[in-house]
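Everything below concerns the one structure shown next.
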Amino acid sequence: MRDEAIVTEGLRRHFGTIKAVDGVDLAAPAGTVLGLLGPNGAGKTTIVRILTTLLDPDGGSARVAGFDVVRDAEALRSVIGLAGQFAAVDENLTGRENLDLVGRLYHLGKSEASRRADEMLERFELTDAANRTVKTYSGGMRRRLDLGASLVGRPQVLFLDEPTTGLDPRSRFGLWDVIRELVNDGTTLLLTTQYLEEADRLADHIAVMDGGRVIAEGTSDELKSRVGGDLLALRVADRARVAEAAAAIADLGSGAPQVVVESGEVSLPVREGASILAEVVRRLDAAGLEISDLALGRPSLDDVFLALTGHVAEAAGEDGEETQPPRGRGRRPARSRA
Amino acid sequence: MSTVADRRPIPRRPLWWTFADAAAVTKRNLYRYVRVPTLLLFSTIQPIMFVLLFTYVFGGAIQVAGVDNYIDFLMAGILVQTVIFGSTQTGVGLAEDMSRGMVDRFRSLPMARSAVLAGRTLSDTVRNLFVVCLMLVVGTLVGFRFHAGFVPAVGAVGLALAFGLAFSWISALIGLSVRDVESAQAAGFVWVFPLVFASSAFVPVATMPGWLQAFADVNPVTITVNALRALTLGGPTVRPVLEALAWIAGILLVFVPLAVNRYRRAAG
């Protein structure tokens with residue numbers, strides 16, 4: 001029998017007419033990473049808030065580490081850790097005082113709280129800054145301290161709500177390493193993200209969310225294979241004729257073509273990719289359509305998202321720093337320019 | 001073969017954790033004044049200005065029957081005004097914690113539900129104690145004296161602080177309800193002004209028009225100020241002090257549960 005660390009059944013939470021979470025079933029076995037992937041407003045944060053007892057569900061049930069989120073809320077809080085979207089650390093305390101405070105509130109006892117604070121400072125490379133007030137910390141340091149705070153109580157289940165949103169790429173990669181280490185220690189992790197790459201790298205199991213529902217789930221590979229075998233992507237020089245291009249090649253695919261009008265891109269799931277490349281080029285040429293880019297590759301999670309929802313995942317971080325291109329990066333071996 | 005694990009036994013939380021949690025939060029809030037001393041400085045300047053303003057600007061024009069020295073009459077009123085204005089900061093502090101995600105963190109921790117509010121109101125009471133002591137020093141410099149002895153003097157300070165604590169819980173409810181710092185700042189003041197000025201804090205109620213007297217007489221500020229006056233100037237103390245304590249207990253009985261309940265649902 002598998003020991004499920006997180007289970008939700010028909011979880012529901014509405015805010016007025018907004019169905020923030022609308023019947024969500026999730027399961028994460030102990031020691032695994034469950035990734036909730038979706039754009040802003042998909043309901044990811046609401047789920048985290050329900051599972052960490054910050055918000056009561058309107059319907060359905062949820063258990064974390066065996067504790068019901070409503071009936072056993074108090075006991076549940078002693079076995080979880082939460083790092084929310086904004087670093088919830090006190091600017092007027094030093095890094096060490098912040099961690100010590102959280103340790104005391106987990107009732108670790110004075111010496112254990114202080115020992116855990118030291119461990120976290122070391123683990124997150126904050127030892128040098130331990131006695132400085134958080135006011136002097138950079139964004140990345142605050143996030144690391146916040147993550148440290150969420151781990152002080154040795155949680156069985158850890159919730160990270162968009163842990164790397166707003167971080168520069170280097171800090172993001174650093175945080176990924178830390179998160180992977182945690183999971184190796186046996187912690188169950190629920191991670192929300194709007195970065196497809198992040199879910200791809202960190203999560204064992206991904207639930208793709210949109211409009212308060214889980215629209216697909218599986219491993220990263222399973223999700224990608226849902227799009228079909230390969231994915232053909234092309235860009236027409238004249239954006240106005242993108243629909244025309246899609247129509248010209250539609251019958252070659254194993255599924256319907258997806259069109260992004262703004263960028264003039266067409267993507268088409270195909271079974272035997274290489275053999276139809278020539279045919280695609282021939283048809284477009286015959287139609288007098290000039291192509292500025294043509295590629296064939298394994299689909300990325302971006303493609304998955306597009307195929308599942310019919311719209312592009314919006315990675316609108318507050319900094320607007322990372323706008324995902326509609327076609328995924330990498331994993332695109334056979335790239336040829338026409 | 002259930003996917004849902006059986007319910008686990010729930011450990012009982014020891015009662016002393018409730019106090020330990022409140023103490024930890026109090027300490028955290030007080031650090032703020034250590035790290036940002038200007039905060040404390042500015043929260044003391046205003047009350048001191050009021051002492052000087054009322055003594056030297058309005059004092060000459062205000063005649064109070066039976067009191068030789070206006071500052072002796074004023075001090076009880078200005079102490080109560082100070083603790084009430086100080087208590088409006090409780091809501092501001094909580095709104096700030098909410099907007100910065102601190103409340104979410106606290107609410108996800110296995111700490112007492114009352115601790116964040118208790119810690120906040122207690123640390124604001126400690127801040128009030130500091131300001132009250134400073135004002136007594138300034139008051140003494142401009143002529144104020146305790147006329148009823150040491151124990152009533154300590155009682156006066158204690159009563160003022162208890163009154164401030166009760167108002168802190170009202171302010172906590174406001175801060176948790178309005179949620180953002182600017183609103184908490186604005187909302188924190190509007191309701192205390194009529195209470196403070198339509199009271200016996202600065203002038204005898206008998207000088208007000210009849211309709212206002214009706215309000216001022218039952219105003220908890222008047223009742224507490226009168227108790228403080230009895231404790232600082234002399235005279236019968238039992239009845240006014242009991243009346244003030246009854247108000248304090250009443251406010252706490254109503255607003256502590258309301259605020260804690262509001263905190264529980266402080267979902268954002």
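Brief remarks follow.
- Span from the the stretch A:122-144 Cα centroid across to the the stretch B:213-235 one, whole angstrom: 51
- Förster radius 41 Å - calculated FRET efficiency between residue B:53 and residue B:253 (Cβ-Cβ, nearest 0.05): 0.70
- Average partner coverage of A:90-103, which counts Cβ from other chains inside 10 Å: 4
- Counts of other chain beta carbons within 10 angstrom of each beta carbon in peptide B:96-108 average 6.
- Helical segments meeting 18 Å axial Cα length and Kyte-Doolittle -0.5 threshold in chain B (DSSP H): B:16-35, B:37-53, B:70-99, B:115-141, B:150-178, B:220-233, B:238-264
- Taken about its Cα centre, the protein assembly as shown carries a charge dipole of about 1480 debye when Lys and Arg each add +1 at the Cβ and Asp and Glu each add -1 at the Cβ.
- Comparing B:176, B:146, B:249 along the charge dipole axis of the protein assembly as shown, the residue lying farthest to the positive side is B:146, per the Cβ-charge model.
- Relative exposure of B:248, B:78, judged by other C-beta atoms within 10 Å (fewest first): B:248, B:78
- Trypsin sites (Lys or Arg not before Pro) restricted to DSSP loop in the stretch A:1-74 with at most 12 other C-beta within 10 Å: A:2
- Between helix A:273-286 and chain A: long-axis angle, C-alpha atoms, 0 to 90°, nearest 10: 50
- The order of B:165, B:109, B:79, going from fewest to most other C-beta atoms within 10 Å of their C-beta, is B:165, B:109, B:79.
- Among B:98, B:49, B:135: highest mean-square fluctuation, GNM of chain B, C-alpha pairs under 10 Å: B:49
- A Förster radius of 25 Å, combined with the Cβ-Cβ distance separating residue B:207 from residue B:150, puts the computed FRET efficiency at roughly 0.20.
- Three-way shape call for the stretch A:4-223 based on the alpha-carbon gyration tensor, with the a/c threshold at 1.5: prolate
- Global form of the stretch A:112-207, assessed from the alpha-carbon gyration tensor, a/c cut-off 1.5: oblate
- Eligible lysines near residue A:44 by straight Cα distance, threshold 26 Å, same-chain separation 8 or greater: A:19, A:224
- Taking amide H as placed 1.01 Å from N in the peptide plane, the amide H of residue A:291 sits under 5 Å from that of A:237, each at least 5 places away or on another chain.
- Shielding by partners, peptide B:53-62 (average Cβ within 10 angstrom, other chains): 0
- Helix axis angle, A:110-123 relative to chain A longest principal axis, alpha carbon, degrees: 30
- For the stretch A:1-67: relative contact order, % (alpha-carbon pairs under 8 angstrom, 6 or more apart): 43
- Over chain A, relative contact order from alpha-carbon pairs under 8 Å, at least 6 apart, %: 18
- Rounded to 0.05, the FRET efficiency of the residue A:135 and residue A:25 pair, given R0 = 41 Å and the Cβ-Cβ distance, is 0.45.
- In loop segments of the stretch A:240-302 as defined by DSSP, the trypsin sites (Lys or Arg not before Pro) with at most 14 further C-beta atoms inside 10 Å of their C-beta are A:271.
The numbers here are math on the coordinates, done by the rules we state, and not lab data. Predicted model, so just to flag it, every value in this text is computed and none were measured. Please note: Cβ atoms are built from the backbone with ideal geometry, for glycine as well, and neighbour counts cover all protein chains shown.
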